[in-house]
Amino acid sequence: HDEKVLLREIGRLESSLKAAGEHEKLVFLHYPPLYQGYRCPEILRLLKEYGVKLCCYGHLHGASHRRAIEGMWDGTEFSLVSADYLKFVPKKICELPTQGCFVLCGEDLFDSEISLSCSKAGHGANFI
């Protein structure tokens, strides 16, 4: 990681997590903060500190799928959502809430890793 870029992204993530307040938090990142042989302690600390329920990530493709960590880790559910890992079938992440929805996304997530729709008649969504 380029330290300057990492620090900038950590700052952005923390700002978004703060803005979400007490709402349930789902975080979507391009790069995994955790996989076999690697941990990003700065991001993992934020996920724990702000009580993030789910962290979806991409970037791992092909043979690197075997390095993915899926399931609960330190209070957060982790899920690999790379298109080839999912065999190009969309994965249901959650039910749409009856009140506001806060979705926290890494800036380059939407490079065909995952598509996300959060709209429901009469119910708003906040994307930060």
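The values are calculated or read from the model by the stated rules, or taken from the named source; none is laboratory data. All of these numbers come straight from a predicted model, not from anything done at the bench. Cβ coordinates were reconstructed from backbone atoms using ideal geometry, including for glycine residues, and neighbour counts include every protein chain displayed. When the accessible area is computed, the model is the full protein with side chains, heavy atoms only, and any ligands, DNA or RNA have been set aside. Shrake-Rupley method; radii C 1.70, N 1.55, O 1.52, S 1.80 Å.
Which links in Lys18/Lys53; Lys18/Lys91; Lys18/Lys48; Lys4/Lys48 stretch past 19 Å when you go from one Cα to the other? Pairs exceeding the cut-off: Lys18/Lys91; Lys4/Lys48.
The length gained on full extension between Lys18 and Val89, counted as 0.36 nm times the residue separation minus their Cα-Cα distance, comes to 22.3 nm.
Using a probe radius of 1.4 angstrom, the carbon and sulfur fraction of the accessible surface of segment 1-52 is 51%.
Here the label points at Ile10 and Glu42, each 7 Å from Cα along the C-beta direction, are separated by 0.4 nm in the simple model.
Here the spin labels are modelled as points 7 Å beyond Cα on the Cα-Cβ line, and at Arg67 and Leu54 they lie 2.5 nm apart. Accessible area per residue for segment 1-69, computed on protein heavy atoms with a 1.4 Å probe, is 56 Å².
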